[in-house]
Each structure stands twice: as C-alpha cells, then as structure tokens.
Amino acid sequence: MHRVQAGFAALPVREELKIAALANLEQWLGDAYAPYHPQIRAMIEKERWDLLLDCFYQVLPFGTGGRRGPVGVGPNRYNPQTLAASVQGHVAWLRLLYPGQEGAGKQLSVVLAWDVRRYLDAAGLYERTLPNPCMGLSSRDFAEIAAGVYAANGVRVVMLPPESETFVSTPELSFAIRHCGASGGLNISASHNPPDDNGGKFYNALGGQEVPPDDERMAQLVEQVERVEQIPFAAARASGMVVDYSPDIHAAYIAANLATSLSPEVRDTHVVFTGLHGTGDTTVAEVLAAAGFRVDIEPTQASHDGAFPNVPFRTPNPEVRASMDRAVALAQEVGADLVMACDPDADRIGLCARVRAGEPAFRFFTGNEIGALITEYRLTYGPAGVRPIVLKTEVTSDLIRRVGLRHGARVIGELMVGFKYIGEALKRLEADGRFAGVEGTLADFCVGIEESHGVLVTPSMRDKDAAGAALGLAEHAGRLKREGRTLVDALHGLWEREGYLHNELISTVMRGAAGRGRIERIQQQFRADPPTEIGGCAVTAFHDRSDPAGPLGPIRSGTDAASRDMLVFQLGPDRRILLRPSGTEPKNKVYVEVCGRPVAEMVGADLAAEQARVAAEARALATAFVQQMLAGVGIALPAWAVQVSDLVAVEQKQHAAEVLLPEVLARVASGDAPEAIRGWVEQQIQGYGRDPLRLLAPGIQAWLAEQTGAAGERAGVRAVFGL
C-alpha cells in the first residue's frame, strides 16, 4: 500500500479522496473480493494511479434513480457488488413503503427489464490476459443477479423467460409496473451511454421514479446496506419467486400507444426506422406497423448489439445527428417521408424529414423542435371540451410554451431536469387535482416534453416513450403530405408565428476524480460570484435554483439540492443561459436560448435571414460562456477547440489546442508529407474516442474558418485532416 500511497500523492485531487481510495482499496484486497485481485494488482504494477484512484475513491453514487457508470473493478464502478447492494437497499425501501404487507399475505413484487449491453472493455482499461469478473457480463446477466437478491428477500419478480430473445424497453417497463400492479421495477440499462457503461434505474408502483425527498430516503437505505441476501438465479426460478413476463403485457402496451392516435384515417406516411442496435424494434417500429404505416428497418443497425458497432462514435443517441446517417441514406433510396430513431432503451425519439416533398434532402430535428411539433399537433387535433395541460422542463425551449399559450393550454414549464418530474406532476394531478397552481385531472394532460428528445403523450406510463411520439409525428406528417407540405414546413410556420428560437447545448466532459472536482468548482464559483457580462451581453438577472428563498422553496433533501444545482443567467428579454452538471455523466451542460421576433410581425422580414442572425448570436454566446466557465478552473480553450465534438473530454480539447494543432502547423511549415503527419496525429488522438478524426473535424473546420492568410498552411491542414 505504500507504493499506492506514493503514486496517489502526485495526483492533483483532494487529499480526502486519496485517503478514501486507499481505505476502499484495502477492503477490496480482502478475501471477499479475491476474483478482482489480478486486475487490481495489474493496475498497481503498471502504476495506473489515475485509473486506480478513480475506481476506488468513492462508492458509485446512487443518484436520483439508481446507479449508472462504467462497468469495472472497484466500488466506483458498476459491477455485481454495487448492483446487489442497490437491490438490497431497494428491498428495504419497498418494505418501508408497504409495512406489514408481507405479513398480511400480500407479496411485494417488481418487474425487471434489461437492455442489449454486454461489457467487453471497449476502452481497453483492463488487462485482457488476466481474469476479470466483469468481462462479458450482459444487462441480462445483471438482471439475473438482481432477481436472485429480490427472490432471497421474498420479493416476487416478473421478467422475460430465459429462452426469450426479445426485450422490455424503458417505457414498456413503466407501463408494465402499472399494468401488473407491481410494487416497483428495475431496468438494467445505461440508455445512450457508451458501450462500457451500465446501470440500474429503479421505479415506483406508479411507473415513475422517486422525487425528492423520497429518492434520498431510498438512497440512504442503499448506502446503509452491509449484507446482501442472495440466491442463484436458477434457485430463484425454481422457488417460484421469479415468474414469466406475459406477452399480454406487451400487447397491452402496444394498444395503449395506439389509443393515443388523433388521426386514424391518416396512414400514408412512409417511415424508415433505426433502433441503433437497441430495443426500439419492440416499440416504435411495432407501434407504427400496427397502426398501419409502412415501416422499413435500417438493416445494419437492427441487431441487438450492445457494442453498437454500426453507430458513429458508438454513441447510440438520437440527439447525435450522425447516428441517423445510415437510416437517412436508406430513406433516400426507398423514397420514405420520415426517418425515426431511438436510443437503446427506446425512450428518446429522433427525427429527420424531407425538406420539401418529393426532393431528396432530409433535415435533422432537435429535441426542442420535435417537442414543438408534437405539441402543436396534439393541441390542434386533440379532444374538444378540455383545457389542455402541457408539461415541460425549464431547460426545454420556450417555443413549447408559446405554442401552448396560443392554443389556450395551461403550460407548466419550470420543472427540474429529469422526466421523473413530469411523472410527479401527473401523480399530483391524479391524486390532488392540482399541481403548481394549475387545477386539472389526467384527462387534461396533453403532452410532456424534455429537450433531450423526451416525449410522453399518455398518462398510462410515467416515463418518456419514443413510440407515442413516433405515432403522433407520423400522423402529423401524413396530414401535411396531403397538402404537399412536410414537417419542415410546419416548423417554419411555428417560427413565423411565434418567433425563431435557437437553442444551443454544449456539454463539457471532465472525467475522473479531478474532473469531478472541476465540475463542482465551476458551480461554486459561478454561484458565489456570477458574471455580470457574458460574450459582450450584460447579465440582467441571475437565478440560483438551489436558493431556498427562490420560487422552488426550501431544499427538501440532498437529492433535491443535486437536482436544483442549476444556475440561470438572463441577458435581457430574449437571451438566457442555463448551467447544470449532468446527473448521469461526468460533464457540465450549458443551455443557451436566443429568441427572435415573429417574422409575421416584422415588415419585409425574411425567415432565413432571421434564423442566421439568431443562430449566430446563440453560438457566439455559448462559446463565450464555455470559455469563461473553463477559465475559472484553469483551462484555456480557443473558440475553435470548443467546437470539437462534445464527446471529446475537455482535457483532450486542450491537448488538441496546445499540442496537436501547433505541432501539425510546424510539420506543415517544415514540408512534411500530409500522410506522415496524419500518421502522427492518429497516434496522438487514439484516446479521444471512436472515429477521433471525425470528432475533431468540427473544431478544425472552425479553425480554418478563422484564418485569413497563409493559404498554403490552410491547405496543408486540410490535407492532414482529410477536409
């Protein structure tokens, strides 16, 4: 341990984290963790102090709904130990919620689901030649471990039978819990995270996730776990405590989505769909086909494969435009009208549509734009005789609020980030007939929107569902198609009426214990001393959502404080910036919105010109804010480096700016061949991620756009990076 202590001493992290890592490491070197010892010793022998510290400096946090993070060795990784402790804590929570139920002859029960993941150490962090208890573990393997813990504790488990080759998606799990009358549920999934990640997301009896302060009470029970009751999965099934998930449940889920149809006569939209190697074929594709739409599946991304081999950057997220490139190519080939995608657990919806009817070009839609379109559609064709209620999170575009108000809807738009807060709003409407000062019932609910491509159109489940959104968008496109128009035309119509709103989202990834420290310092610094100017614009108002004197009231729990760790900077009436740390990934998220005026009110105005003006202003503000934010923790990034893909960590962007590009320029000036320089570049950027040259490209293109002289230098850089 002296060698480890000496290795940790040189790392730029707080001393208490080093002490905690040493204590946890000593525990894991005991007999109880013997299968992990070869990998731990290999890290020590190779002096991989950064990795070792990050694996052991804390227990993987049980966040607002469960644990999610990299699979691997140590308490700060997702593995059978951290999962089993989570499940044992969830059992304690269920017993607290339903005291005496077991003694009264009733049985606690959960529904278990899982996604397509299998841990293969794509990042190459561990020694391949040594035993590794995590290697090859699939989400189903983790689910069977969880089932063994539930069963040993007397909790009945409903899950797909061992011979099943299908999946239960996140939204279907939410529906199934309610449909079965279960006490709760668990989904083994890391959603759209990289292939090496996994997690466990816990649900309550309403099919939603607990909100503060209940989520913290559950987390405290998890942290108090000292002993796990567990039996092998085969024994759990043999005992009768694990029962099969009935196909009737899936059929009921499909029927619930079909019941949200507002235009059953419109079925001539042709859709290409990709599940990005995930479970969406059981939700979006099946619902659209059952509704009568023509659906073509993109074949190269259709397999259930947690390595996501045919997804750019191995990032199966419909928020990433490149993830839909293959499906767009197929749509152009077969003449489809729309392209849709969803992430591996099928709760987020992605959309591309033809720019003009009959022409080949397709346009990608952001989550905010999808939300505005589905809100407009549901408010236009929804049932008469109700005063619709629209729910959205605060970071979601104000365009949804404007659309809602034009239709006379009540819009509740200041919800914290996380779809569980939309689920909580539905719970309160159902139980109390009132929420956030708005009176109503579930019958008044129209739509819930989250900017990260999350949509809910029915209260029969309490998490976002790509399938319901897909059905509404296909119907909306079908109505427009009969008029010779597209969803692009519909979006332009919203901008002309409501004003063009441009939203920029920049994520700054900062990994490891040192990165976590930087993320925390950024929030502390901006909270204590908020800037008075950003990008040349005066800050006219500052709001700290964690302020107990603010509109959200006193902090209810530590998890409430974490959810409310959001800072809002208002820059006049038409600009705002929001900053918050991600709850599931090691990064800060910066949301920028700039609002233009309705084109219909501007004499001689041109929508394209207004779009260009507002978008340029939003991008400039976002870049300036990120530079200002990072400068506070000692990181200087030129504007072009900010434009490098958000999938690349900030430290690597800094390396690109301070080492990579200067060396490339020096070698170009020396007359080195572009092919030779590229070989050196490829070695330097191996750790940036999959397809690193493609990840770098937006930044290099931004640098080229900044240059005004030295045409030969620019040409050399283009040749090196293949631009």
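The values are calculated or read from the model by the stated rules, or taken from the named source; none is laboratory data. The structure displayed is predicted, hence computed values, not measured ones. So basically every Cβ, Gly included, is an ideal-geometry build from the backbone, and we count neighbours across all protein chains shown. SASA here: full protein model, heavy atoms, side chains in, ligands and nucleic acids out. Shrake-Rupley method; radii C 1.70, N 1.55, O 1.52, S 1.80 Å.
Go through Thr508, Thr486 for me and flag whichever is in contact with a strand residue (DSSP E or B) (Cβ under 8 Å, 6 or more places away or on another chain), hydroxyl-bearing (Ser, Thr, Tyr) and open to solvent by less than 10 Å² (accessible area, probe 1.4 Å).
Of the residues listed, the single one that is in contact with a strand residue (DSSP E or B) (Cβ under 8 Å, 6 or more places away or on another chain), hydroxyl-bearing (Ser, Thr, Tyr) and open to solvent by less than 10 Å² (accessible area, probe 1.4 Å) is Thr508.
Within the set of pairs 6+ apart or on separate chains, which have a first residue in region 600-616 that is farther than 20 Å from Arg575 by Cα, a second that is modelled with pLDDT of 75 or more and among the aliphatic types (A, V, I, L, M), and C-beta atoms under 9 Å apart?
These pairs meet every condition: Ala605/Val599; Asp606/Val599.
Is it true that some residue in region 494-502 is part of a loop (DSSP other than H, G, I, E, B), within 30 Å of Gln220 (Cβ to Cβ) and open to solvent by less than 40 Å² (accessible area, probe 1.4 Å)?
no
Under 6 Å between Cβ atoms, at least 6 apart or on separate chains: pull out the pairs that start in region 403-417 with a residue that is under 14 Å from Arg545 (Cβ atoms) and end on any residue that is of a type in the set (Asp, Glu) and surrounded by fewer than 23 Cβ atoms within 10 Å (Cβ to Cβ).
Filtered contacts from region 403-417: Glu414/Glu394.
Can you confirm whether Val328 is open to solvent by 10 Å² or more (accessible area, probe 1.4 Å), over 17 Å from Asp281 (Cβ atoms), of a type outside the set (Ser, Thr, Tyr) and touching a Pro at 6+ places or on another chain (Cβ under 8 Å)?
The answer is no for Val328.
Confirm whether Gly385 is small (Gly, Ala, Ser) and either buried (at least 24 other Cβ atoms within 10 Å of the Cβ) or touching a His at 6+ places or on another chain (Cβ under 8 Å) (or both).
Taking the combined requirement at face value, the residue does not satisfy it.
Give me the pairs: first residue in region 431-443 and in a strand (DSSP E or B), second residue open to solvent by less than 70 Å² (accessible area, probe 1.4 Å) and of a type in the set (A, V, I, L, M, F, W, C), beta-carbon distance under 8 Å, and six or more apart or on different chains, which are they?
Matching pairs, first to second residue: Phe435/Ile412; Phe435/Ala425; Phe435/Leu429; Val438/Ile389; Val438/Ile412.
Mind counting the residues in region 564-580 that are more than 24 Å from Tyr500 (Cα to Cα), of a type outside the set (Asp, Glu) and open to solvent by 20 Å² or more (accessible area, probe 1.4 Å)?
Summing the residues that are more than 24 Å from Tyr500 (Cα to Cα), of a type outside the set (Asp, Glu) and open to solvent by 20 Å² or more (accessible area, probe 1.4 Å) in region 564-580 gives 1.
Open to solvent by less than 40 Å² (accessible area, probe 1.4 Å), in a helix (DSSP H, G or I), closer than 20 Å to Ala561 by Cα and of a type outside the set (Gly, Ala, Ser) - does that describe any residue in region 205-220?
Yes, that holds for at least one residue.
Condition first: among the basic types (Lys, Arg) and touching a residue at least 60 places away in the same chain (Cβ under 8 Å). Now tell me which residues in region 547-599 satisfy that.
Arg556, Arg564, Arg580, Lys587, Lys589, Arg597
Okay, residues lined up against (1) without any contact (Cβ under 8 Å) to a residue 12 or more places away in the chain; (2) under 24 Å from Met510 (Cβ atoms); (3) not charged (D, E, K, R):
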{"residue": "Leu621", "(1), (2), (3)": "no, yes, yes"}
{"residue": "Gly634", "(1), (2), (3)": "yes, yes, yes"}
{"residue": "Ser670", "(1), (2), (3)": "yes, no, yes"}
{"residue": "Arg678", "(1), (2), (3)": "no, no, no"}
{"residue": "Tyr688", "(1), (2), (3)": "no, yes, yes"}
{"residue": "Pro698", "(1), (2), (3)": "no, yes, yes"}
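Looking only at region 236-248, decide whether some residue is assigned to a helix (DSSP H, G or I), open to solvent by less than 50 Å² (accessible area, probe 1.4 Å), of a type in the set (Val, Ile, Thr) and modelled with pLDDT of 95 or more.
Scanning region 236-248, I find no residue that is assigned to a helix (DSSP H, G or I), open to solvent by less than 50 Å² (accessible area, probe 1.4 Å), of a type in the set (Val, Ile, Thr) and modelled with pLDDT of 95 or more, so the answer is no.
Exactly one condition in (1) surrounded by fewer than 24 Cβ atoms within 10 Å (Cβ to Cβ); (2) under 22 Å from Lys464 (Cα atoms); (3) over 20 Å from the mean Cα position of the chain (by Cα); (4) not aromatic (Phe, Trp, Tyr) is false for Asp281; which is it?
(3)
Any residue in region 77-88 that is closer than 18 Å to Leu125 by Cβ and in contact (Cβ under 8 Å) with a residue 24 or more places away in the chain sitting within a Cβ distance under 8 Å of a residue that is crowded, with 21+ Cβ neighbours inside 10 Å and among the basic types (Lys, Arg)? List the pairs, counting only those 6 or more apart or interchain.
Final answer for the pair search is Tyr78/Arg67; Tyr78/Arg68.
Select from region 353-379 the residues that are among the β-branched types (Val, Ile, Thr) and surrounded by fewer than 24 Cβ atoms within 10 Å (Cβ to Cβ) and list them in ascending order.
Val355, Thr366 - these are the residues of region 353-379 that are among the β-branched types (Val, Ile, Thr) and surrounded by fewer than 24 Cβ atoms within 10 Å (Cβ to Cβ).
Can you name the residue in region 251-278 that is under 18 Å from Met324 (Cα atoms) and hydrophobic (A, V, I, L, M, F, W, C) and is also surrounded by the fewest Cβ atoms within 10 Å (Cβ to Cβ) among such residues?
Restricting to residues being under 18 Å from Met324 (Cα atoms) and hydrophobic (A, V, I, L, M, F, W, C), the top hit is Val271.
Need the failing condition index for Ala238 against (1) under 30 Å from Val328 (Cβ atoms); (2) more than 31 Å from the chain's Cα centre (by Cα), just the number.
(1)
Taking Ala719, is it in contact (Cβ under 8 Å) with a residue 40 or more places away in the chain, more than 22 Å from Ile506 (Cβ to Cβ), surrounded by 13 or more Cβ atoms within 10 Å (Cβ to Cβ) and not hydroxyl-bearing (Ser, Thr, Tyr)?
yes
Which of the residues that make up region 666-709 are over 35 Å from the mean Cα position of the chain (by Cα), open to solvent by less than 60 Å² (accessible area, probe 1.4 Å) and at pLDDT below 85?
Answer for region 666-709, where residues must be over 35 Å from the mean Cα position of the chain (by Cα), open to solvent by less than 60 Å² (accessible area, probe 1.4 Å) and at pLDDT below 85: Gln707, Gly709.
Taking Ser452 and the conditions (1) under 30 Å from Lys589 (Cα atoms); (2) in a loop (DSSP other than H, G, I, E, B); (3) of a type outside the set (D, E, K, R); (4) modelled with pLDDT of 95 or more, which numbered condition does it fall short on, given that it satisfies the others?
With (1) under 30 Å from Lys589 (Cα atoms); (2) in a loop (DSSP other than H, G, I, E, B); (3) of a type outside the set (D, E, K, R); (4) modelled with pLDDT of 95 or more applied to Ser452, the lone miss is (4).
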